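Only one structure is covered here, and it is reproduced in the block below.
The values are calculated or read from the model by the stated rules, or taken from the named source; none is laboratory data. What you see is a predicted model, and the numbers here were worked out from it, not measured in a lab. Here the Cβ positions follow ideal geometry from the backbone for every residue, glycine too, while neighbour counts run over all protein chains shown.
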Amino acid sequence: MLELAWASLRSRALSVALTVLVITLSVTLLLGVERVRVQAHEGFASTVSGTDLIVGARSGPVNLLLYSVFHIGDPTNNVSWQSYQELSTLPQVKWAVPLSLGDSWRGYRVIGTTAGYFQHYRYGAGHPLAFAEGTPFDDLYDAVIGADVARAQGVRVGDEMILAHGTAAVTLARHADKPFRIRGVLQRTGTPVDSSVLVSLPAIEAIHVDWRSGVQLRGHAVSAEQARHLDLTPTSITAFMLGLNSRIATFSVQRAINDYPDEALLAILPGVTLQQLWQSLGTAERALQLISAMVVLLGLVSLVALLVSTLQERRREMAVLRATGARPRYIASLLVLEAVATSGMACVLALAVLVSASLAGRGWALANFGLSITHVWPDLRELAWVGGVLLLSALAGLVPALLAYRRTVADGLSAGG
Amino acid sequence: MTSAAVIALDQVRFSYGGRAVLDIPQLQIAPGSSVLLRGASGSGKSTLLGLLAGVLTPEQGEVRVAGTPLHALRPSARDRFRADQLGVIFQQFNLLPFLSVRDNIALGLRFSPLRSGRVGRPVDDEIKRLLQALQLPPELLLRRAGTLSVGQQQRVAAARALIGRPAVLLADEPTSALDRGAATAFLQLMAAQCAAAGTTAVVVSHDDSLQPLFDRVVQLQDINHAGAVHA
């Protein structure tokens, strides 16, 4: 039966090839969208990895995640330096990295932090930050910039930058008296770090030492050099990241922070909150899935169209098979087999396209999107999709098969007219 | 009805959409004979062939072919009967155009282990023998059937119908696409092979000139009472 189906398909090579092409494209699209979706999800879910808790002023978890990690929106309140000091010295805490937000450079958020940021921030499958050029900040007025900042603004190590007060895209209040120098450029991560400017926590204090309520105090200007000699310990920060000695302690430390008596604080598990955020973005994802499923359906409709269109001219073949004693069921199975063989070829091709595209696009995706393509070979989930497509095409083949079945019974032996 | 008859119809009635097409009280055909079935178009010749092939079932009466009571069998059993006991040749388009001549002939054995067993020698030897017996050049064996001339295709169809020595060969206007000379040659070769295999041949044709090639001529209107009413 297989060789009969194969010979029959080969005799209609061109139209079969076109149908295979249509189904290949649609299955490739489906699997491609699925793969990008899963990879994007994985990448997103590991925007922050290795950090056990993120702590900020009490608001909503997603809000805290958005402003501390994605630099979207503004915090409702700050965390006092004293609270930070106390909580970061809890016995369960292994490391703490403070984050101080509120300034910007050409629209990119400036993050005041410590050298610990470069050491402890992890993304993806535990990748640490790496320098494309230069080193972490050393001098008070040193800055480290993310890969997008360097590329989009065409700046590099040694260039000078004047930070702006506030985070609005266009701002008149600038810290012109205390210019920074780029000390390092980070490699691309595919995370919001790429569009960040990192400076030390004392630097944030230094540029605000003569500011009150968002304006510089006239007549009390402190020069960049003078500022170096002041006590630059901050009074408050925006948020901080915690790494714990043991993950088991995560919930007890979280509870301790949420119940902290001196200040209304909120501690979140970044992974859990990232998941929540992703789910709230799920509509677009589902729409994408729906569209690619529709495309596959279209491909299968073209398969049915192919089989049905040939049915009329193949009536004689069926009569011949009937005359030699083939049961109608055999003829119907033959058509289903042809349908499955056609989409089977398409599925194999689609997987081949997917694997080679993943192999070829690996470096490109990493360099341009910081997206590390971790899986190249088809996984179980993708094979399940392919299995589904084959099952559907068997069902699609059933349509012409049933038509043929009924016809061969009704036509009897009359071939040729 | 005698047990000697290979084809026996008894009180058979068949109608299409309320119109009586066939009403045949008796028809018996002796084994090994060759019969020309004649009749005007629309007189029910194809319907009769359908009944003999077990593709159609009579409303009433009994149809026995090669001892098999077709009227009493389920469709799948009739399919098996056709595979085991019958060879069929159509007017035209007898072959699967995308298969080789060899595979088309082998198709006659495909659905019947019984028939394959009757070949009694390697299938390819038998195919070559039939090809030769039907005066087809052996180099056609691996050609795609669609590339053959109509005359060659009909001979290949005869080989397919005859392989495995079926009890009955049914042919529906097998020579209508051939010229007079080719038609006669074809029927002579076919008859010789039927005789060699002990196969009974029932051939439908409206070509009177072919009558001398057959043992017996049956006019459908003579045996069919449904036709007689209108005649």
So for the stretch A:222-230 (the condition being at pLDDT 85 or above and among the hydroxyl-bearing types (Ser, Thr, Tyr)), does at least one residue qualify? no
Take A:Thr24 and decide whether it is assigned to a loop (DSSP other than H, G, I, E, B), buried (at least 16 other Cβ atoms within 10 Å of the Cβ) and at pLDDT 85 or above. no
Failed criterion for B:Thr147 (all others in (1) closer than 28 Å to B:Thr68 by Cα; (2) at pLDDT 90 or above; (3) within 13 Å of chain A (Cβ to nearest Cβ) hold): (1)
Within the stretch A:177-211, track down each residue that is in contact with a His (Cβ under 7 Å, 6 or more places away or on another chain) and among the hydrophobic types (A, V, I, L, M, F, W, C). A:Ile207
Could you tell me whether any residue of the stretch A:271-281 is touching a strand residue (DSSP E or B) at 6+ places or on another chain (Cβ under 9 Å), of a type in the set (Ser, Thr, Tyr) and within 22 Å of A:Phe70 (Cβ to Cβ)? yes
Just one of A:Leu9, A:Leu29, A:Leu14 is assigned by TED's automatic domain parsing to the domain that holds A:Trp385, within 26 Å of the chain's Cα centre (by Cα) and closer than 17 Å to A:Ala346 by Cα; which is it? A:Leu29
Which residue is surrounded by the most Cβ atoms within 10 Å (Cβ to Cβ), if the candidates are limited to the stretch A:307-327 and must be over 15 Å from B:Ala53 (Cα atoms) and within 8 Å of another protein chain (Cβ to nearest Cβ)? A:Glu317
Single condition A:Leu87 does not satisfy, out of (1) over 24 Å from the mean Cα position of the chain (by Cα); (2) part of a helix (DSSP H, G or I); (3) away from every other protein chain (no Cβ under 14 Å); (4) free of Cβ contacts under 8 Å to residues at least 24 places away in the same chain: (4)
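So that you can scan it fast, the table gives a plain yes or no per residue for (1) buried (at least 18 other Cβ atoms within 10 Å of the Cβ); (2) in the same structural domain as A:Ser68 (by TED's automatic domain parsing); (3) acidic (Asp, Glu); (4) under 26 Å from A:Asn63 (Cα atoms):
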{"position": "A:Ala224", "(1), (2), (3), (4)": "no, yes, no, no"}
{"position": "A:Ala227", "(1), (2), (3), (4)": "yes, yes, no, no"}
{"position": "A:Thr235", "(1), (2), (3), (4)": "no, yes, no, yes"}
{"position": "A:Phe240", "(1), (2), (3), (4)": "yes, yes, no, yes"}
{"position": "A:Arg247", "(1), (2), (3), (4)": "no, yes, no, yes"}
{"position": "A:Phe251", "(1), (2), (3), (4)": "no, yes, no, yes"}
{"position": "A:Gln254", "(1), (2), (3), (4)": "yes, yes, no, yes"}
{"position": "A:Asn258", "(1), (2), (3), (4)": "no, yes, no, yes"}
Could you check the stretch B:92-140 and list, in sequence order, the residues that are of a type in the set (Gly, Ala, Ser) and within 8 Å of chain A (Cβ to nearest Cβ)? B:Gly108, B:Ser112
What number goes with the only condition from (1) buried (at least 21 other Cβ atoms within 10 Å of the Cβ); (2) under 30 Å from A:Thr374 (Cα atoms) that A:Leu4 does not pass? (2)
B:Gln154 being crowded, with 23+ Cβ neighbours inside 10 Å and more than 9 Å from every other protein chain (Cβ to nearest Cβ): yes
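Quick check on the stretch A:27-72: of everything there that is of a type in the set (Asp, Glu) and part of a helix (DSSP H, G or I), which residue is modelled with the highest pLDDT?
A:Glu34
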The listed residue being charged (D, E, K, R) and at the interface with chain A (Cβ under 9 Å from one of its Cβ atoms), out of B:Arg80, B:Arg64: B:Arg80
Candidates A:Ser59, A:Ser8, A:Ser46 - the one that is within 21 Å of A:Gly146 (Cα to Cα) and polar (S, T, N, Q): A:Ser46
